[in-house]
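Beneath this line is the structure, given in structure tokens, with notes to follow.
Each value in this text was obtained by applying a stated rule to the coordinates, not by laboratory testing. Computed from a predicted structure; not experimentally measured. We place every Cβ from the backbone using ideal geometry, glycine too, and count neighbours over all the protein chains shown.
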Amino acid sequence: MHVPARLFSFITFVFFSALAAIKERNVDLVFATSTPLTVTIPGILASKLKGKPYVFEVRDLWPEDLVAAGRLKESGLGHRIQSFMERSSYAVAKRVVLVSEGFRTRLIERGYPSGLLKTLVLGADGELFKNSKPDIEYLRRHGLENKTIAIYCGAHGNANGLNQVLDAAERLLDRTDIAIVLIGDGREKPKLIEDVRRRDLHNVHMIDPVPKTLLPGVLAGCHVGLMILKQISRPRWVTPNKLFDYMFAGLPVLVNFAGTTADLVKEEEAGIACIPGSADDLAEKIRYFADNPGERRRVGNRGREAAWKKYDRSSIARQMEALFLEVLSNGKHADTNSDEHTEESDRISN
């Protein structure tokens, strides 16, 4: 989607969601989740008009992440507007929920009180993976039988940097037993498909998205999960939810970018943090898991155990419910009082 169309979409969403929020009568608490950051406008508006507490969930640290990715100039009007919305969101919110521990660490570094912030990762629906079996027909239909499959599932946009996967695939052309599968869609997909053809990457399979309910069967037939993002000037604080899909499926995970995701994979011993941006190292690690099935299964099993213990979405939902009830019951943070929050937010805003 081009910038003007995206802006129109955001503005339209703000207008109609604000209208819907204002019309809603039975409200105990207002919850808004970004991105885009503009969702905070109807959230704050509804909270103020109805006199109800506001909880704000952060899925990307806009505008900071946009600046790091080179998509927004720090000196521009867009940056100033988004910075104002970000500060306003934190100032009004009774709690700020972060989907990555890296986000929480970064906001504490910027001076926000720890009691305001709560990390609740997105996780995955473990029930979908509970009794999953390899979708043999799917593998057969795409020519993936009897292959060691390294799979990427997700968006095919500029920020995903999937050209790095193609570079690694080129280094694996000598391995007819290894297949690289990319499932998803996005603006960059036509370019990637053309690049695959131009480079004659016969080991790369570009496949359309599959319904979420069918994904467990697809992943059950694969062997390595790929976490890929475009390289930027600093470590990434995100923890994409497809990481937890891979873990529930018992796939060892390869992460090609520094930051929170790589730290989590290392902490859980659920995969390997590759040299950031190195196609050579990514290809080498895929070879390693292809040649060591026993270790591949051991690492995958550790990831699955960690997923059930910590990252099942039903458990995370209960934690979110507890946070909402806490906000409703005392109207202040567990680790800080409202005066401290207001004073700290004012200091940061200034």
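Here is how the numbers come out for the structure above:
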read-out: Computed E for Glu127/Ser75 - FRET, C-beta separation, R0 51 angstrom, nearest 0.05; value: 0.60
read-out: Degrees, to the nearest 10: 77-92 long Cα axis against longest axis of the chain; value: 70
read-out: Binned Cα-Cα distances of segment 126-310, short to long, each 10 Å bin given as a whole percent; value: 10, 40, 40, 9, 0
read-out: Residues Phe16, Phe10, Phe56, Phe129 arranged by fewest to most Cβ contacts within 10 Å; value: Phe16, Phe10, Phe129, Phe56
read-out: Linear extension gain, Lys266 paired with Leu214, 0.36 nm per residue minus alpha-carbon span; value: 15.9 nm
read-out: Which of Lys189, Lys212, Lys147 has the fewest Cβ neighbours within 10 Å, and the rest in rising order; value: Lys212, Lys189, Lys147
read-out: Exposure proxy order (Cβ contacts within 10 Å, fewest to most) of Asp60, Asp208; value: Asp208, Asp60
read-out: 10 Å binning of all Cα-Cα separations within the chain, expressed as whole percents from 0 upward; value: 5, 23, 30, 24, 14, 4, 0
read-out: Acute angle (nearest 10 degrees) that the helix 189-198 long axis makes with the longest principal axis of the chain, alpha-carbon atoms; value: 20
read-out: For segment 224-284, the spread of Cα positions along each principal axis, largest first, Å; value: 30, 25, 17
read-out: P(r) of segment 181-250 over all Cα-Cα pairs, binned every 5 Å from zero, in whole percent; value: 3, 12, 21, 22, 20, 16, 6, 0
read-out: Percentage relative contact order, the chain, counting C-alpha pairs under 8 Å, at least six apart; value: 18
read-out: The chain: angle of helix 293-310 to the longest principal axis, Cα-based, in degrees nearest 10; value: 20
read-out: Estimated Rh, segment 44-116: Kirkwood, alpha-carbon pairs, angstrom; value: 13.2
read-out: Over the chain: helical MRE at 222 nm, DSSP H runs n ≥ 4 each giving -39500 (n - 2.57), nearest 500; value: -15000 deg cm²/dmol
read-out: Added length on full extension, which subtracts the Cα-Cα distance from 0.36 nm per residue, Leu19 to Thr35; value: 3.8 nm
